[in-house]
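The values are calculated or read from the model by the stated rules, or taken from the named source; none is laboratory data. This is a predicted model, so every value here is computed, not measured. Reconstructed Cβ throughout: ideal geometry from the backbone, glycine too, with neighbour counts over all protein chains shown. All accessible areas refer to the heavy atoms of the entire protein, side chains included, with ligands and DNA or RNA removed. Shrake-Rupley method; radii C 1.70, N 1.55, O 1.52, S 1.80 Å.
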Amino acid sequence: MSRTGRDVVVIGGGIVGTAAAAFLAEAGASVTLIEREGLASGASGANSGVVQHPFDPVLAALYRETVALYRDLVAADLGFRMADEPAGLLYLSESEVAVRDVDRSLAETFPYLARDVAAGGVLQRLDPALAPGLWACRVGIGFPVQPGASTYAYATLAERRGAHIRQGRAAAPDVRGDTVVGVVIDGVPLAADAVLVAAGPWSPEIVDPTRRWAPIRHRWGVVVETELPAGPTHVLEEAEIGAAIGIRTGSSPTTEATAAVDLDEELVDFSLVPLAGVASVGSTFLPTEPDPGGWVERLLGRAATFVPGVADAPIRGTRSCARPQSVDGRPLIGAVPGRRGLYLCAGHGSWGISTGPASARLAVDAILDRGPEIPPALDVGRFGMPG
């Protein structure tokens, strides 16, 4: 028995699962993490690689805590690196109106974020890799990081603290009545006091095998990696991308409805994350699994209108991932209604790398019966009880 008196199984080896395992083990719980493929095999390892403010008043606190947790992870010297200062994010458009709209929305909701609008020669001096004729809103955020590095670092930290990581092709909660008593892994039971499901878009079917309860869906992202040693120096996004990723820039009651994501809509916008001479170019938000190679020309063609050097840049490879997108754009964290001992932490969409560790901390606090309480906007119960 662990010194916390808690034996916990974590299902899922992404950023959320590995961070939760590290935090649980630090608290003295006996922890087993189960991953069916490999660590960071999903969105945690195939993302664009940027830690970024989510522009959501509810998620902003998770982002700030995550940055602080990443500072600790850097100090642990486990292979994860993040710059001391953000690279800066440029919201780009050929339309001045679109850029001014972004600037105005951010000023209203996040006045503490440093931002300014630039065009012409000013913008060219700010980032010479950009095409002429663009407008930009620069925001003082955006930390490019190596995809998957934080997940591997947390996994190493979890093991150093005594957690066990093992592979299991099929893992499901072992439910007796309304209580979870452990998991069944490839047909073999493993007892536990609590089970945390952190399996990204596959989490709902683990929680509810009937699949009637489905607040999280797959939203597929494709990234093309190119060599681009001459820049840009900023993280780049199309100003219109907010509609695709569910930016919330207001506090009125109608914001909740307008921020919801149409999970059956196919959305494609430009984004670029530079790191050490390599550019990760995206972004897609697709309802069905794509052929990554079929998106190369479309993504790079769009990117070249903003960064001309992309057109001739050598391609290093492509990757795709299923983002776990909740129907209201926010993660589900905490106890699962009607299932004692079962917890969930999933549904981060595009913001897993940016808010996952802090989300994991909240889930761990719930498992260990310590504060703070889960905010209602993130509570699993907002979507009712699984079947």
For this session: Examine segment 198-219 for a residue that is among the acidic types (Asp, Glu), modelled with pLDDT of 95 or more, in contact with a Lys or Arg (Cβ under 8 Å, 6 or more places away or on another chain) and within 23 Å of residue 148 (Cα to Cα), and state whether such a residue exists.
Result: no
For this session: Output the number of the condition that residue 277 fails; it satisfies all remaining conditions of (1) more than 25 Å from residue 57 (Cα to Cα); (2) at pLDDT below 95; (3) loosely packed, with under 13 Cβ neighbours inside 10 Å.
Result: (2)
Exercise. (1) open to solvent by less than 10 Å² (accessible area, probe 1.4 Å); (2) among the small types (Gly, Ala, Ser); (3) within 24 Å of the chain's Cα centre (by Cα); (4) at pLDDT 95 or above: which one isn't true of residue 182, the others all being true?
Worked result: (3)
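Listed here are the residues, each with its yes/no results for (1) β-branched (Val, Ile, Thr); (2) outside any strand (DSSP E or B); (3) more than 20 Å from the chain's Cα centre (by Cα).
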residue	(1), (2), (3)
10	yes, no, no
18	yes, yes, no
21	no, yes, no
34	yes, no, no
40	no, yes, no
Exercise. Quick one: would you say residue 69 is among the aliphatic types (A, V, I, L, M) and closer than 28 Å to residue 130 by Cα?
Worked result: no
For this session: Out of the residues in segment 337-364 that are open to solvent by 10 Å² or more (accessible area, probe 1.4 Å) and either in a loop (DSSP other than H, G, I, E, B) or β-branched (Val, Ile, Thr) (or both), state the one that is nearest to residue 145 (Cα to Cα).
Result: 353
For this session: Given the conditions (1) open to solvent by less than 50 Å² (accessible area, probe 1.4 Å); (2) modelled with pLDDT of 95 or more; (3) within 23 Å of the chain's Cα centre (by Cα), report the number of the one that residue 138 does not fulfil.
Result: (1)
Problem set entry | Residue count, segment 365-381 (criterion: farther than 24 Å from residue 177 by Cα, of a type in the set (A, V, I, L, M, F, W, C) and open to solvent by less than 20 Å² (accessible area, probe 1.4 Å)) | 1
For this session: Take the residues in segment 372-387 that are among the charged types (D, E, K, R) and at pLDDT 95 or above, then tell me which one is farthest from the chain's Cα centre (by Cα).
Result: 382
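Filter segment 153-199 down to residues that are of a type in the set (A, V, I, L, M), farther than 17 Å from residue 18 by Cα and touching a helix residue (DSSP H, G or I) at 6+ places or on another chain (Cβ under 8 Å), then give me how many there are. Lay out the reasoning, then the answer.
Filtering segment 153-199 down to residues of a type in the set (A, V, I, L, M) leaves 153, 155, 157-158, 163, 165, 170-172, 175, 180-181, 183-185, 188, 190-192, 194-199.
Still in the running and farther than 17 Å from residue 18 by Cα: 170, 172, 175, 180-181, 183-185, 188, 190-192.
Those left that are additionally touching a helix residue (DSSP H, G or I) at 6+ places or on another chain (Cβ under 8 Å): 172.
Final tally of qualifying residues: 1.
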Problem set entry | Qualifying residue in segment 232-255 (condition: open to solvent by 70 Å² or more (accessible area, probe 1.4 Å), modelled with pLDDT of 95 or more and assigned to a loop (DSSP other than H, G, I, E, B)) | yes
Exercise. For segment 49-131, list the helices (runs of 4 or more DSSP H) that sit wholly inside it and hold at least 1 residues that are open to solvent by less than 70 Å² (accessible area, probe 1.4 Å), small (Gly, Ala, Ser) and within 29 Å of residue 155 (Cα to Cα); which are they?
Worked result: 60-75
